[in-house]
Amino acid sequence: MKILLVEQDLELMAEINRALTKSDHVVECVSNGIQGLSRALDVEYAALILDRRLPGLDGLDVVKRLRAKGRETPVLFVSQTSDIRDRIESLESGADDYL
């Protein structure tokens, strides 16, 4: 499975990348929302894993713009925030799940 991981925390990015690669997934990593949106529009991925708060372009905006372009790639938000409003907002923006 080819996955795009968009995460600003480089240590967390490395951990997630290592775990997914160990499970035989192909992972492309970028650290900001602008790069993430660009890659997600240019390349077909089986899934996207996004940080909620990203530099350049917030994760919510990335998902909204992808959905507006007709992209239905499954999106999982990964966030350290446990605020229920963030979860609701993420799902309403077009994400498929929130962790």
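The values are calculated or read from the model by the stated rules, or taken from the named source; none is laboratory data. Since the structure is predicted, the reported quantities are computational estimates derived from the model, not experimental observations. As a convention, Cβ positions derive from the backbone with ideal geometry for all residues, glycine included, and neighbour counts pool all protein chains shown. Only protein heavy atoms, including side chains, enter the accessible area calculation; ligands, DNA and RNA are left aside. Shrake-Rupley method; radii C 1.70, N 1.55, O 1.52, S 1.80 Å.
Couple of notes before you dig in:
- By accessible area, using a 1.4 Å probe on protein heavy atoms only, the chain has 50% of its surface on carbon and sulfur.
- For the chain, the Kirkwood hydrodynamic radius from C-alpha pairs, put into Stokes-Einstein at 25 °C and a viscosity of 0.890 mPa s, yields a diffusion coefficient of 187 µm² per second.
- Restricting the chain to trypsin sites (Lys or Arg not before Pro) in coil, as DSSP defines it, with at most 11 other Cβ within 10 Å: Lys69
- Cα-projected label distance for Leu76 with Val26, points at 7 Å along beta-carbon direction, nm: 1.9 nm
- Residue-by-residue Karplus 3J(HN,Hα) for the stretch 35-42, coefficients 6.51, -1.76, 1.60, Hz, glycine and proline x: 5, x, 4, 4, 5, 5, 7, 8
- Taking the chain and dividing mean pair separation by its residue count, relative contact order in percent (alpha carbons under 8 Å, at least six apart): 26 percent
- Å² per residue, accessible surface of the chain at 1.4 Å: 57 Å²
- Over the chain, dividing the summed -39,500 (n - 2.57) contributions of all DSSP H runs of at least 4 residues by the number of residues returns a 222 nm mean residue ellipticity of -12500 deg cm²/dmol.
- Loop-resident sites, the chain, for GluC sites (Glu not before Pro), counting at most 11 other Cβ within 10 Å (DSSP): Glu44, Glu72
- Here the simple spin-label model places points 7 Å from the Cα toward Cβ, and for Leu12 and Arg39 these points are separated by 1.6 nm.
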